[in-house]
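Take a look at the structure below.
The values are calculated or read from the model by the stated rules, or taken from the named source; none is laboratory data. Fair warning: this is a prediction, and the values are worked out from it, not measured in the lab. Every residue, glycine as well, gets a Cβ built from its backbone with ideal geometry; the counts of neighbours run over all protein chains shown. Calculation scope for accessible area: heavy atoms of the full protein, side chains included, ligands and nucleic acids excluded. Shrake-Rupley method; radii C 1.70, N 1.55, O 1.52, S 1.80 Å.
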Amino acid sequence: MTQTSSTPAVTVIPGDGIGPEVVAATMRMVDASGASIIWEEAHAGAQVFMKGIPSGVPEETIESVDRTRIVLKGPLETPVGFGEKSANVTLRKLFETFANIRPVRELPGVPTPYSGRGIDLVVIRENVEDLYAGIEHMQTPDVAQCLKLISRLGCQRISRTALEFARAEGRTSVAAATKSNIMKFTEGMLQREFLSAAEEYPDLETWHVIIDNCAHQLVKAPEQFEVIVTTNMNGDILSDLTSALVGGLGFAPSANIGNGVAIFEAVHGSAPKYAGKDVANPSAVALSAVMMLRHLSQFDAADRMEQAIFKALEDGIHPQDVKIGAPVGTTAFTDAVIERMGQTSSTPSRPHRALQVPVITREGARTAPGSRIKEGADVFIESTDIPGRIAEKLNALAQGTPYRLKMISNRGTVVWPSTGGSTECIDHFRCRFLIDDQSAWNQESLLDLLKRVSEHYRWMHVEKLEIIDGELGFTRAQGEN
Ligand code: NAP
């Protein structure tokens, strides 16, 4: 198609391993689809790390993404010994692409144990919070901690994105999958925000499913799901599972969407063993580009490209990861798709309209300041003492302070006062101090308590215990009454 002044520019990052081959193949398909795109090449990943840029994303790439707002990206590697953060995660977080959309659909000509069941579902995963924020600390030389941070803003916007996405694709049902039965505050926040947002979408069937049962149901009866919204790590795992239902990672596309930038990429990585051999399946990146064309409202080109891919597969032209017949290489598969532009397959493209990505501001999601009653503090200490001896020392040192020791837990289970259980204690204890006279609460009394604790033990962190707007702002330990 001819380019005009309104032709959108797309930053294209070839990436590592099989990336350059599958991205080049995809660009050929996009160009043949009738889409109107100006490609702007930029780099990130292994070569960039090896040049000594610790983020793996150079400034010129950030500038290009800032300008184009749309990225088609190959997989990126973090080479051992260069940088500790993933360039993928850096790109997603730098541009606040808070929703990761991963559709899977039964493909014509790609047989799986599920063929004929009409799988057509989408996992929508929160993309910038949760355990993948990567906030980790060694608590003792032998105990590691990773913080699971979940915000109301994050939960509201991913819930509404999933609900809007369902409408944009004419789907009828959205399930939120969480582990709210165990993590009532973090995972529970997504459940609550989703169910609350869902009240504004009476046209959709909305429900909650516990994440482990969701994995079980996905293997047993995947056709019951249309859209699943979930937290970051749950979604990462579930979406690899769902890609296996329809033929594997070679066919699994994704979009990282935010209020500004959108990044389109395969779910798969750089598959280094196939790099440079012209054997990788380009379908996952190609189907990601189809999502990109829809994002750009180039719906006809998107349908043409998707139908050509479906038709090639239906005609028995298979990349090597479809284990039937004689496979073809990356280039031959791409040629076959391009030859079929304009043809239709037996699997029609879904009707699409532009996705309205919800804009939720920090202020909009913020709970108005209310009451905060201080109940005490959890002090985490390192010790190889037995719990009874720790309690004895802590009780003694708390004398003369407004605090009293309520309990000690080890990895979340009460070990003092004795519960009669047989918890194996490691050298990391949580000591819960409560304050009976709230008026005695002040910073100085807490600092005094910490000073006293530090005379006997190394403490590594403290959590204030609060009742926020009448609700307990902390969980009880296992076995705590
Ligand atoms: P991977 O690259 O996804 O490869 C895992 C396996 O999936 C491959 O061995 C191959 O399976 C199959 N596969 C993946 N893509 C394929 C394709 N296009 N065509 C055919 N088969 C394909 O996962 P990994 O080996 O765990 O990761 C390799 C590197 O990629 C790591 O450095 C990782 O950090 C990075 N990575 C990057 C991203 C990203 O950029 N978004 C995502 C994930 C991983 P068979 O062996 O069965 O043939």
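Structure notes:
- Computed from the C-alpha gyration tensor, the three semi-axes of the ellipsoid equivalent to the chain are 49, 24, 22 Å, from longest to shortest.
- The modelled label-to-label distance for the pair R117/A354, using points 7 Å beyond Cα in the direction of Cβ, is 3.7 nm.
- Average projection, convex hull of the Cα set of the range 52-170: 12.0 square nanometres.
- The residues of the range 295-453 expose on average 51 square angstrom of accessible surface per residue, using a 1.4 Å probe on protein heavy atoms.
- Filter on K51/K73; K184/K220; K85/K220 - keep pairs with C-alpha separation over 30 Å: K85/K220
- Degrees between helix 387-398 axis and first principal axis of the chain (Cα, 0 to 90, nearest 10): 70
- Annotation: Cα Rg of the range 120-245 relative to the compact-globule expectation 2.2 N^0.38 Å equals 1.08.
- Per residue, the accessible area of the range 179-259 comes to 40 Å², computed with a 1.4 Å probe over protein heavy atoms only.
- Shape metrics for the range 369-472, restricted to C-alpha atoms - Rg then Dmax, Å: 13.8, 42
- Extension gain, A9 to M460, is 157.4 nm, computed as 0.36 nm per intervening residue step minus the present C-alpha separation.
- Pairwise label distance in nanometres, L450 with A144, each label 7 Å out on the Cα-Cβ vector: 2.6
- C-alpha long axis of helix 330-339 to longest principal axis of the chain, angle in °: 60
- For a paramagnetic label modelled on T413 (point 7 Å from Cα along Cα→Cβ), amide N atoms under 13 Å away belong, within the range 461-481, to 478-480.
- Subtracting the Cα-Cα distance of R389 and E363 from 0.36 nm times their residue separation leaves 4.6 nm of extension gain.
- Debye log10 I(q)/I(0) for the range 434-481, one point scatterer per Cα, at q = 0.24, 0.28 Å⁻¹: -1.11, -1.16
- Packing rank of 287-293, 339-345, 304-310, 55-61, where each peptide gets the mean count of other beta carbons within 10 Å, highest leading: 287-293, 304-310, 55-61, 339-345
- Estimated distance in nm for a label pair at W207 and E40, the labels positioned 7 Å out from Cα along Cα-to-Cβ: 4.6
- The packing ranking of peptides 156-168, 187-199, 363-375, 390-402, highest mean first, is 156-168, 187-199, 390-402, 363-375, where packing means the average number of other beta carbon atoms within 10 angstrom of each residue.
- Partners of K393 within straight-line reach, counting lysines whose Cα lies under 19 Å from its Cα and excluding those fewer than 8 residues away in the same chain: K406, K451.
- Protection proxy ranking, highest mean first, for peptides 326-332, 209-215: 209-215, 326-332, where packing is the per-residue count of other beta-carbon atoms within 10 Å, averaged.
- Accessible heavy-atom area order of E314, E463, highest first, probe of 1.4 Å: E463, E314
- Only helices enter the 222 nm calculation for the chain: every DSSP H run of n ≥ 4 contributes -39,500 (n - 2.57), and dividing by all residues gives -10000 deg cm²/dmol, rounded to 500.
- Summing Cβ point charges (Lys, Arg +1; Asp, Glu -1) relative to the Cα centre of the range 369-472 gives a dipole of roughly 160 debye.
- Fraction of accessible area attributable to carbon and sulfur, the chain (%, probe 1.4 Å): 53
- Furthest towards positive pole of dipole, G316, P222, F82, structure part the chain, Cβ charges: P222
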